[in-house]
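Only the coordinates and a few stated rules stand behind these numbers; no lab work does. Keep in mind the model is a prediction, meaning the values are calculated, not measured. No Cβ is skipped: glycine too gets one built from the backbone with ideal geometry, and neighbour counts run over all protein chains shown.
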Amino acid sequence: MLLFPQSPRGDALARKYGYDPWLVSRFLQYVPDVEQFLDKMESKPTRYIRVNTLKMDTKSLADRLAKKGFELRQTALPEVLAVEKEPMSAGATTEYMLGHYYLQDLSSCMAVEALDVQKGQKVLDMAAAPGGKTTFIAQRMQNTGAIIALEPNEKRARSMAFNLARLGVFNTCVCKMDGLEAAKLGKFDRVLLDAPCSCEGVIAKDPSRKTSHAPEDVDYCSARQANLLETAIKATKLGGVVVYSTCSFAPEENEAVVETVTGKLGARVEPFGHGSAGLDSFGDKKFRMGKNTRRFYPHLHDTTGFFVARLRA
Ligand code: SAM
């Protein structure tokens, strides 16, 4: 992982916002408008709800929540609403308990938008729990076709099964399995790899991450992500789509992983019309297809930090 010399500016920002200095000196290299970014990370992130169209249409849900005093705003995705006023916790309404919506950041929904699923397809979700993206895929497929959802952590796999039941999803099979074993499952039309990562993008939700991870963690994640992405591409039918996403800002976990694996296996990165263009270089590394990958920043897109790459196998 690339570390950069500490500077008086970086050290001052690290002190002001309570970060490890190595992390801020890296942000200065790859995050636009760092001070605005650090400021925004201090505020509570905008809450988003994703309407579960398997059970409820967007207008009916918005009307029901409006009667309870919620103020909602339409986003770029038809199923996703930003919560502007929340008179009670959006996770404690009857509609939530009934599975009429799921609490999910807009950026997370963008990974499913990029996957472009169609009715009747065979889809692999390689790192699936607690199921936010799986359940969105299921609703976009109108509960048709088949989704195989992998999760090695038993507790997380169980909570995922509960979410699938609450949302009325019945085209999905949850397997307690490591994504690296996916090759034995055959070939899929669509593969989502929402990879385990260092979670730099969710610092606004979990400020302990300002100081809790070390440079070695980014290297560890990056190596595991490259192995998982290689497996994802190999599990995709020729001409199928793979979406790779993380909630990290680190180029080693994002553009660098995509560059290494697509270079090795010959997949190409397709443009996707949301977020900002990814990096085309970092340090002495050049990313040929970096501009086609997408980054989501809290201060620019009002989302948690996120990275999405749409690959064609
Ligand atoms: N896609 C999920 C959603 O939208 O709700 C979030 C997934 S979270 C970013 C990453 C998940 O990958 C975690 O649940 C973690 O337990 C799981 N994981 C870790 N190592 C894995 C591996 N080798 N194969 C598959 N999943 C793995």
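Of the GluC sites (Glu not before Pro) found in segment 16-94, those in coil by DSSP whose Cβ has at most 16 other Cβ atoms within 10 Å are GLU42.
Helix-only estimate, please: 222 nm mean residue ellipticity of the chain, summing -39500 (n - 2.57) across DSSP H runs of length 4 or more and dividing by its residues, to the nearest 500.
-10500 deg cm²/dmol
Tally the DSSP beta bridges in the chain and give the antiparallel ones as a percent, rounded to 5. Antiparallel bridges make up about 60 percent of those DSSP assigns within the chain. Cα centroid separation, segment 279-296 to segment 113-130: 25 Å. The overall shape of the chain, judged from the alpha-carbon gyration tensor, is oblate: a/c is not under 1.5, and a/b is no greater than b/c. How large is the charge dipole for segment 128-238, taken about the Cα centre, if only the Cβ atoms of Lys, Arg (+1) and Asp, Glu (-1) carry charge, to the nearest 20 debye? Result for segment 128-238 is approximately 460 debye, rounded to the nearest 20. When segment 134-228 is described by a simple charge dipole with +1 on each Lys and Arg Cβ and -1 on each Asp and Glu Cβ, the residue from ILE147, ASN171, ALA223 located farthest towards its positive end is ASN171.
Of the peptides 229-235, 61-67, 166-172, the ranking by mean beta-carbon count within 10 Å, highest at the top, reads 229-235, 166-172, 61-67. Among 14-27, 206-219, the peptide with the highest mean count of other Cβ atoms within 10 Å heads the list, and the full ranking is 14-27, 206-219. With Cα atoms defining each centre, segment 15-37 and segment 213-267 are spaced 24 Å apart in the structure.
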